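Asker: So that we are looking at the same thing, I have put the structure below in structure tokens.
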Amino acid sequence: MYIEAVPNRNSPPAILLRESYRENGKVRKRTLCNLSDWPAAYIEGLRGVLKGGTVIAAEREAFTVIRSLPHGHVAAALGTARRIGLDRILSPDGNRYRDLILALVVGRILDPASKLAAARSLSPATAASSLGEVLGLGDVDEDELYQALDWLLRRQPAIEATLAKRHISNGTLVLYDISSSYMEGRCCPLAKRGYSRDGKKGTLQIIYGLLCAPDGCPIAIEVFEGNTADPTTLAGQVEKLKRRFHLDHVVMVGDRGMITQARITEDIAPAGLDWITALRAPAIRALLHSGALQLSLFDQRDMASITAPDFPNERLVVCRNPALAAERTRKREDLLAATERDLARIQATVARRRDPLRGTAAIGLAVGAVINKHKVAKHFDLNIADTSFSFTRKVAEIAAEAAVDGVYVIRTSLPAESFDDTTTVRSYKSLACVERAFRCIKTVDLHVRPVYHWLADRVRAHVFLCMLAYYLEWHMRQRLAPMLFDDTDKEAAEALRASVVAQAQRSPIAVTKQTTGQTEDGLPVHSFRSLLADLATLVRNTVVTAITPLYPLIVLTRPTPIQHKAFALLSVTL
């Protein structure tokens, strides 16, 4: 049986209930009922019944959405974590602590928050996304998350050893640098007063050192007290490479404040490791005064390899960047001029007729308050008397400092046969990868600070959790680079540079993305954060029907072209 609309010449179509049957090998039709007077809703209801469906009363809704949770960003991050095996690195299946830590790692990327806020966002009644539901966590409280952090800290050595085995091997570069973060409260034993890289003067802080593979992938992290000197953190990293990671020969790359002569003599050389670092400014001036460094080397080139008696069995790669030299000259002149303006105001106060500033002590206090505001006091001669004050620039010293503007010297134990000058310079500059990691961990994405934990082990676990989150984010960024403002054609960008010393350039592809705001396939270019926000609009809906109210269905919104491209790049399925 079926319903058919039969056209009439001078009236609306007749709605007939008909039946088909076969007679003598031919298909014939039989009209059973005329439904033309029926309401349209009744006709459609009967049509559904004839097709095998069930008629729902008009006062009841066919579908009811009982919960909608942002899901696309969860699927992207969690799917990537499973694809790279991060869940298996944490622990085998069936461990609830493993699932909680995985949720915290993913949650750190999606929406960094305190452990209390994280617990609420994962629990079914207060969920902020589908993360807790996908992982099947059920109710979560903050005490359980703290216990999971304690479990994670006990697993840290094994996890770091696995990451090291994946990403570094004998003979490869290992990047190391440190940073710091301020602390909340006064009870953490790791929190000490020291040099704040956050610019938060007078606050307690912690220091942490990060080990990375040559491509910037994080391997291990360690937390130190806030007043620990940078070079003293290096000994533990050397021991970690030798004993825990079983690496007999790697090249340690660190900045000039990290790999000092004392650390080379006491830690790195005895361990049999090679190293790449740079000289401080006083050491560069000493090379210049001794004649080992001749500025005439840079008349026709910007890089040269030299040796010096003060650095036996070492190779020094001297570089000069003209753009950097011009910028330092400009900045020095600006700072000198700003300091002169401050001093000129004091000079005018001393010289005025009415109520002048008098006394060597009073004038000295006024000068002392401004002389080193811009960190160039060493470039001025000051003449302070009871009734006068004058100042002049130290022209000869300024000229001597300007002579080495843009000059930096890379110091290494590697012979030229194994690492030529270009490779050595490029290896040292790869420390920028660690700086990028700190930027993501501290401010841009993961927000390691403020740190609200008080127990030392909880602080260590929290910092390690943030490192794991950056490990996941690093892999996501590598896959999503064509959709981001990142430069995906490194070879073309490198070809645009006159030399490794010259300023880095962006490839034509990166410039096009930046200027047009579109990718090669016409999609909008995103930052990592804005792309996650776009993915979050893909929603996981829990739906019930009027026919089966006790059997909810999971329905996902249809991905947009941007979302479809992101999942394809990540090799993640919904």
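The values are calculated or read from the model by the stated rules, or taken from the named source; none is laboratory data. Bear in mind the structure is a predicted one, so any value in this text is a computation, not a measurement. Note: ideal-geometry Cβ built from the backbone for every residue, glycine included; neighbour counts use all protein chains shown. Calculation scope for accessible area: heavy atoms of the full protein, side chains included, ligands and nucleic acids excluded. Shrake-Rupley method; radii C 1.70, N 1.55, O 1.52, S 1.80 Å.
Asker: So, in region 95-114, of the ones that are basic (Lys, Arg) and surrounded by 19 or more Cβ atoms within 10 Å (Cβ to Cβ), which residue ends up farthest from Ser129 (Cα to Cα)? So that I can check it myself, show each step before the final result.
Answerer: Pass one, region 95-114, residues basic (Lys, Arg): 96, 98, 108.
The next check asks that each one be surrounded by 19 or more Cβ atoms within 10 Å (Cβ to Cβ); those that pass are 98, 108.
On the way: Arg98: 19, Arg108: 13 Å.
The selected residue is Arg98.
Asker: Here's something else I'd like to know. Please specify each residue of region 510-523 satisfying the condition of being polar (S, T, N, Q), open to solvent by 80 Å² or more (accessible area, probe 1.4 Å) and either touching a residue at least 24 places away in the same chain (Cβ under 8 Å) or under 15 Å from Lys565 (Cβ atoms) (or both).
Answerer: Within region 510-523, Gln514, Gln518 qualify.
Asker: For region 129-138, enumerate the residues that are buried (at least 19 other Cβ atoms within 10 Å of the Cβ) and in a loop (DSSP other than H, G, I, E, B).
Answerer: If the condition is that a residue be buried (at least 19 other Cβ atoms within 10 Å of the Cβ) and in a loop (DSSP other than H, G, I, E, B), then Ser129, Ser130, Leu137 are the ones that fit.
Asker: Kindly list, by first and then second residue, each pair from a residue in region 159-170 that is in contact (Cβ under 8 Å) with a residue 40 or more places away in the chain and closer than 13 Å to Arg243 by Cα to a residue that is in a helix (DSSP H, G or I) and open to solvent by 50 Å² or more (accessible area, probe 1.4 Å), limited to pairs with Cβ atoms under 8 Å and residues at least 6 apart or on different chains.
Answerer: From residues that are in contact (Cβ under 8 Å) with a residue 40 or more places away in the chain and closer than 13 Å to Arg243 by Cα, the pairs are Glu160/Arg244; Ala161/Arg244; Ala164/Arg244.
Asker: Now, a different point. Scan region 272-303 residue by residue and report those that are of a type in the set (S, T, N, Q) and closer than 30 Å to Asn170 by Cα.
Answerer: Result: Thr277, single match.
Listed here are the residues, each with its yes/no results for (1) assigned to a helix (DSSP H, G or I); (2) in contact with a Ser or Thr (Cβ under 6 Å, 6 or more places away or on another chain).
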| site | (1), (2) |
| --- | --- |
| Ile276 | no, yes |
| Ala283 | yes, no |
| Ser296 | yes, no |
| Ser305 | no, no |
| Phe311 | no, no |
| Thr329 | yes, no |
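Asker: Do we have any residue at all in region 166-188 that's open to solvent by less than 20 Å² (accessible area, probe 1.4 Å), under 18 Å from the mean Cα position of the chain (by Cα) and on the phi > 0 side of the Ramachandran plot?
Answerer: no
Asker: Do we find that Arg285 is under 27 Å from the mean Cα position of the chain (by Cα), of a type in the set (Lys, Arg) and either closer than 26 Å to Glu435 by Cβ or open to solvent by 40 Å² or more (accessible area, probe 1.4 Å) (or both) in this structure?
Answerer: Working: under 27 Å from the mean Cα position of the chain (by Cα): no; of a type in the set (Lys, Arg): yes; either closer than 26 Å to Glu435 by Cβ or open to solvent by 40 Å² or more (accessible area, probe 1.4 Å) (or both): yes.
No.
Asker: From Arg18, Arg47, Arg22, which residue is more than 30 Å from Leu131 (Cα to Cα) and open to solvent by 90 Å² or more (accessible area, probe 1.4 Å)? Before the answer, list the steps.
Answerer: Working: Arg18 fails: open to solvent by 90 Å² or more (accessible area, probe 1.4 Å); Arg47 fails: open to solvent by 90 Å² or more (accessible area, probe 1.4 Å).
The conditions single out Arg22.
Asker: Can you tell me which of His526, His475 is touching a Phe, Trp or Tyr at 6+ places or on another chain (Cβ under 9 Å), surrounded by 15 or more Cβ atoms within 10 Å (Cβ to Cβ) and more than 25 Å from Glu142 (Cβ to Cβ)?
Answerer: On inspection, the qualifying residue turns out to be His526.
Asker: Would it be correct to say that Val463 is β-branched (Val, Ile, Thr) and closer than 30 Å to Phe298 by Cβ?
Answerer: Spelling it out, it is not the case that Val463 is β-branched (Val, Ile, Thr) and closer than 30 Å to Phe298 by Cβ.
Asker: Mind listing whichever residues of region 257-274 are part of a loop (DSSP other than H, G, I, E, B) and over 20 Å from Asp421 (Cβ atoms)?
Answerer: Within region 257-274, Gly257, Met258, Thr260, Ala269, Pro270, Ala271, Gly272, Leu273 meet the criteria.
Asker: While we're here: Among the residues of region 514-552, count how many are closer than 27 Å to Asp111 by Cβ and assigned to a helix (DSSP H, G or I).
Answerer: Summing the residues that are closer than 27 Å to Asp111 by Cβ and assigned to a helix (DSSP H, G or I) in region 514-552 gives 8.
Asker: If a residue must be buried (at least 16 other Cβ atoms within 10 Å of the Cβ) and among the aliphatic types (A, V, I, L, M), how many such residues does region 399-443 contain?
Answerer: 10
Asker: Scanning for something open to solvent by less than 10 Å² (accessible area, probe 1.4 Å), among the small types (Gly, Ala, Ser) and outside any helix (DSSP H, G or I), does region 115-122 turn up at least one residue?
Answerer: no
Asker: Please count how many residues of region 347-359 are among the β-branched types (Val, Ile, Thr) and exposed (fewer than 13 other Cβ atoms within 10 Å of the Cβ).
Answerer: Here the count works out to 0.
Asker: Here's a check for you: in region 291-304, which residue that is open to solvent by 80 Å² or more (accessible area, probe 1.4 Å) and of a type outside the set (Lys, Arg) is nearest to Thr412 (Cα to Cα)?
Answerer: Gln294
Asker: Oh, and also: Scanning for something in a loop (DSSP other than H, G, I, E, B), more than 27 Å from Arg426 (Cβ to Cβ), of a type in the set (Lys, Arg) and free of Cβ contacts under 8 Å to residues at least 60 places away in the same chain, does region 554-564 turn up at least one residue?
Answerer: yes
Conditions tested, residue by residue: (1) at positive phi; (2) acidic (Asp, Glu); (3) at pLDDT 90 or above.
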{"residue": "Ile207", "(1), (2), (3)": "no, no, yes"}
{"residue": "Glu225", "(1), (2), (3)": "no, yes, yes"}
{"residue": "Asp248", "(1), (2), (3)": "no, yes, no"}
{"residue": "Ala278", "(1), (2), (3)": "no, no, yes"}
{"residue": "Pro282", "(1), (2), (3)": "no, no, no"}
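Asker: Restricted to region 494-509, and to residues that are outside any loop (DSSP other than H, G, I, E, B) and at pLDDT 90 or above, which residue is most open to solvent (accessible area, probe 1.4 Å)?
Answerer: Within region 494-509, the match that is most open to solvent (accessible area, probe 1.4 Å) is Pro508.
Asker: Take the residues in region 228-246 that are at pLDDT 90 or above and part of a loop (DSSP other than H, G, I, E, B); name whichever of them is nearest to Leu211 (Cα to Cα).
Answerer: Filtering region 228-246 for residues that are at pLDDT 90 or above and part of a loop (DSSP other than H, G, I, E, B), the one nearest to Leu211 (Cα to Cα) comes out as Phe245.
Asker: When both residues are 6+ apart or on different chains and their Cβ atoms are under 8 Å apart, which pairs have a first residue that lies in region 470-483 and is within 18 Å of Lys513 (Cβ to Cβ), and a second that is open to solvent by 10 Å² or more (accessible area, probe 1.4 Å) and part of a helix (DSSP H, G or I)?
Answerer: What qualifies is Arg479/Leu569; Leu480/Leu569; Pro482/Leu569; Met483/Ile562; Met483/Lys565; Met483/Leu569.
Asker: Let me ask something additional. Is it true that some residue in region 166-174 is out of contact with any strand residue (DSSP E or B) (no Cβ under 9 Å at 6 or more places or on another chain) and within 30 Å of Asp248 (Cα to Cα)?
Answerer: yes
Asker: Can you work out which of the residues in region 189-217 that are in contact (Cβ under 8 Å) with a residue 24 or more places away in the chain and of a type in the set (Lys, Arg) is least open to solvent (accessible area, probe 1.4 Å)?
Answerer: Out of the qualifying residues, it is Lys192.
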